[in-house]
1. Under the condition of being assigned to a helix (DSSP H, G or I) and touching a residue at least 24 places away in the same chain (Cβ under 8 Å), which residue from the stretch 124-138 is surrounded by the fewest Cβ atoms within 10 Å (Cβ to Cβ)?
2. Quick one: in the stretch 97-118, which of the residues that are in a helix (DSSP H, G or I) and over 27 Å from the mean Cα position of the chain (by Cα) is nearest to residue 153 (Cα to Cα)?
3. Is it the case, given these coordinates, that residue 290 is in contact with a strand residue (DSSP E or B) (Cβ under 7 Å, 6 or more places away or on another chain), part of a strand (DSSP E or B) and outside the structural domain of residue 158 (by TED's automatic domain parsing)?
4. Being surrounded by fewer than 22 Cβ atoms within 10 Å (Cβ to Cβ), assigned to a helix (DSSP H, G or I) and in contact with a helix residue (DSSP H, G or I) (Cβ under 7 Å, 6 or more places away or on another chain) narrows it down to one of 169, 121, so name that one.
5. Since residue 154 meets every condition but one in (1) assigned to a loop (DSSP other than H, G, I, E, B); (2) buried (at least 22 other Cβ atoms within 10 Å of the Cβ), which condition does it not meet?
6. Provide a single number: the residues in the stretch 237-257 that are surrounded by fewer than 20 Cβ atoms within 10 Å (Cβ to Cβ) and either under 21 Å from residue 302 (Cβ atoms) or out of contact with any helix residue (DSSP H, G or I) (no Cβ under 8 Å at 6 or more places or on another chain) (or both).
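The values are calculated or read from the model by the stated rules, or taken from the named source; none is laboratory data. Nothing here was measured: the structure is a model prediction, and the numbers come from that model. Here the Cβ positions follow ideal geometry from the backbone for every residue, glycine too, while neighbour counts run over all protein chains shown.
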């Protein structure tokens, strides 16, 4: 067994030199340290960030900024009855009162069409006297373009122009009507009436020398009762003359030539009544009105 008390000389060379006599036991320890595997270096610990105190539940939620309130449109007034319809519309004359009642039926009671009897009953409900010449006054509202004839005989509907009578009142509608000069006022001022200007012949009819007033297999124009059927009659006549389709002014001119002119402002309503039944349609090129085969069959059945 080796003597562990015997001295040995330890020599270290490198940047630093070291020489010293040590015991065998000390030398064994040094050799053991040198041969031992180095321990892995642990990363230097970093100081943990300071934890912020949790926000309070009530204070953490910031209230969203208040947006400026929008000015909402004023709600439409609900029409309680026919009497209020007269007040809201500002109706004065009997045709205006009839039109206001028609607007009441559409806006308040949801009637798309109505009869003259419906208007009579509204006069009674409004505690208003029923006009003695009811039909004549009603025709004035039709001629003004406020009321149109419907598809079924005896039924009518409110024109697009008069549907805003409760918002715009009759003051706006009266401005759209053509005012005729008062004959008495004109004569008192010593003015002379001018002769009406002649209506120019539409281009499709300019080459024609004569406009017939009858159609083969169809009743005469003056015996046609509904206005929309009169328009259909004119479209049939135009087709017979070699004109496939008509614009509204051309149809108004033609109906005037054959006896009972239809105003241009009413053409849209009359055409829509024919179109819904499939009796007429419009050209895809110029939007002109023309009669269909179903319309010709219907016209022949009158």
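1. First pass over the stretch 124-138, keeping only residues assigned to a helix (DSSP H, G or I): 124-125, 134-138.
Checking the rest, the ones that are also touching a residue at least 24 places away in the same chain (Cβ under 8 Å) come to 125, 137-138.
Values: 125: 13, 137: 17, 138: 21.
Across the stretch 124-138, the extreme among qualifying residues is 125.
2. Restricting to residues being in a helix (DSSP H, G or I) and over 27 Å from the mean Cα position of the chain (by Cα), the top hit is 116.
3. Working: in contact with a strand residue (DSSP E or B) (Cβ under 7 Å, 6 or more places away or on another chain): yes; part of a strand (DSSP E or B): yes; outside the structural domain of residue 158 (by TED's automatic domain parsing): yes.
Spelling it out, residue 290 is indeed in contact with a strand residue (DSSP E or B) (Cβ under 7 Å, 6 or more places away or on another chain), part of a strand (DSSP E or B) and outside the structural domain of residue 158 (by TED's automatic domain parsing).
4. On the way: 121 fails: in contact with a helix residue (DSSP H, G or I) (Cβ under 7 Å, 6 or more places away or on another chain).
Among 169, 121, only 169 is surrounded by fewer than 22 Cβ atoms within 10 Å (Cβ to Cβ), assigned to a helix (DSSP H, G or I) and in contact with a helix residue (DSSP H, G or I) (Cβ under 7 Å, 6 or more places away or on another chain).
5. Status for residue 154: all satisfied but (2).
6. If we filter the stretch 237-257 for residues that are surrounded by fewer than 20 Cβ atoms within 10 Å (Cβ to Cβ), which is where we start, we get 239-244, 247, 249, 256-257.
Checking the rest, the ones that are also either under 21 Å from residue 302 (Cβ atoms) or out of contact with any helix residue (DSSP H, G or I) (no Cβ under 8 Å at 6 or more places or on another chain) (or both) come to 239-242, 247, 256-257.
Number of matching residues: 7.
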